[in-house]
Amino acid sequence: FSTKKAFIGKDAQCNFYNFDFGSSLNHSHVESKMIDSGASSNIKCIYFSNENQHFDLSYSTVHKAENTFSTIYARGVLDDYSNSIYRGLIKIEANAPNSNGYQKEDVLLVSENAKADSIPNLEIENNDVKCSHGATISHLDNEKMFYLMSRGINEKESAMIMIEGFLLGLIDNIDDELKRAITELIRNKIK
């Protein structure tokens, strides 16, 4: 169980990176409140569940002042009999004109038995804003797998290449040492 909250003041920026890989039951909540003009929040999450893991993920940004900006990006991979529930919320309050919010979750199902539920939400109380959300759930692309395997790469390594590209593309700008550690966690999850 983890909860992370930020209250972001005038012209300040908060960047959250949330990585979920372990535990049988995982509840993770990340929330940013932009409480003064010019505040911005960026939340990036990657997760990978396998076996019988259950991930309950909740991300929210609340725009309480004018001229604020937020993004929520989440990417997850589910294998075996694991499942996830993603709840995303961007709330723009009435006194927050000229605010901009965006959220996107992408899920890759590796197993036919894995299950993902996505619930992106917008609560907008002001007409002078830009706000959008989206969610996708897909499987490994058979044509891409065939292409990699026709080049002499075995099935497990082909899946690993695709999964790493899917997840790590979200965190290109993090420290190389941290990226290596996350890559190792991903590789340990792939059977």
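The values are calculated or read from the model by the stated rules, or taken from the named source; none is laboratory data. Just so we're clear, the structure is a prediction, and the values are computed from it rather than from any experiment. FYI the Cβ positions are ideal-geometry reconstructions off the backbone, even for glycines, and counts take in every protein chain you see. Protein only, heavy atoms only, side chains kept; ligands, DNA and RNA dropped before computing areas. Shrake-Rupley method; radii C 1.70, N 1.55, O 1.52, S 1.80 Å.
Going through Ser23, Ser70 one at a time, which residue ends up being in a strand (DSSP E or B) and of a type in the set (Gly, Ala, Ser)?
Values: Ser23 fails: in a strand (DSSP E or B).
None of the others qualify; the one that does is Ser70.
Tell me which residues, restricted to region 66-75, are out of contact with any helix residue (DSSP H, G or I) (no Cβ under 8 Å at 6 or more places or on another chain) and either in contact (Cβ under 8 Å) with a residue 60 or more places away in the chain or of a type in the set (Ser, Thr, Tyr) (or both). Please lay out each step first, then the result.
So the first thing to find is which residues in region 66-75 are out of contact with any helix residue (DSSP H, G or I) (no Cβ under 8 Å at 6 or more places or on another chain), and the list is 66-72, 74.
Once the filter is applied, which keeps residues that are out of contact with any helix residue (DSSP H, G or I) (no Cβ under 8 Å at 6 or more places or on another chain) and either in contact (Cβ under 8 Å) with a residue 60 or more places away in the chain or of a type in the set (Ser, Thr, Tyr) (or both), region 66-75 yields Thr68, Ser70, Thr71.
What's the number of the condition Ser28 fails, among (1) open to solvent by 10 Å² or more (accessible area, probe 1.4 Å); (2) closer than 25 Å to Lys179 by Cα; (3) modelled with pLDDT of 95 or more?
(1)
Yes or no, residue by residue, for (1) surrounded by fewer than 17 Cβ atoms within 10 Å (Cβ to Cβ); (2) farther than 30 Å from Lys156 by Cβ; (3) touching a helix residue (DSSP H, G or I) at 6+ places or on another chain (Cβ under 6 Å); (4) modelled with pLDDT under 95:
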residue	(1), (2), (3), (4)
Ser41	no, yes, no, no
Phe48	no, no, yes, no
Phe55	no, no, no, no
Ser58	yes, yes, no, no
Lys64	no, yes, no, no
Ser82	no, no, no, no
Tyr86	no, no, no, no
Ala94	yes, yes, no, no
Asp117	yes, no, no, no
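Checking Ile8 against (1) under 22 Å from Glu184 (Cα atoms); (2) buried (at least 16 other Cβ atoms within 10 Å of the Cβ); (3) modelled with pLDDT of 95 or more, which test does it fail?
If we test Ile8 against (1) under 22 Å from Glu184 (Cα atoms); (2) buried (at least 16 other Cβ atoms within 10 Å of the Cβ); (3) modelled with pLDDT of 95 or more, just (1) comes out false.
Determine, yes or no, whether Gly76 is touching a Pro at 6+ places or on another chain (Cβ under 6 Å) and closer than 17 Å to Ile137 by Cβ.
Values: touching a Pro at 6+ places or on another chain (Cβ under 6 Å): no; closer than 17 Å to Ile137 by Cβ: yes.
Spelling it out, it is not the case that Gly76 is touching a Pro at 6+ places or on another chain (Cβ under 6 Å) and closer than 17 Å to Ile137 by Cβ.
Return the residue satisfying two criteria in turn: it lies in region 135-191 and is among the polar types (S, T, N, Q) and exposed (fewer than 14 other Cβ atoms within 10 Å of the Cβ), and of such residues it is nearest to the chain's Cα centre (by Cα). Can you show your working first?
Taking region 135-191 and keeping what is among the polar types (S, T, N, Q), we get 136, 138, 142, 150, 154, 158, 173, 183, 188.
When the remaining residues are screened for being exposed (fewer than 14 other Cβ atoms within 10 Å of the Cβ), the result is 136, 138, 142, 150, 154, 173, 188.
Details: Thr136: 11, Ser138: 15, Asn142: 24, Ser150: 32, Asn154: 29, Asn173: 15, Asn188: 20 Å.
Filtering first and then ranking leaves Thr136.
Scan region 91-119 residue by residue and report those that are closer than 17 Å to Ile46 by Cβ and either of a type outside the set (S, T, N, Q) or assigned to a loop (DSSP other than H, G, I, E, B) (or both). Let's see the steps before the verdict.
Restricting attention to region 91-119, the residues satisfying the condition of being closer than 17 Å to Ile46 by Cβ are 103-110, 114, 116, 118.
Lys104, Glu105, Asp106, Val107, Leu108, Leu109, Val110, Ala114, Ala116, listed by residue number.
Scan region 59-84 for residues that are closer than 20 Å to Lys5 by Cβ and out of contact with any Gly (no Cβ under 9 Å at 6 or more places or on another chain) and report the count.
3
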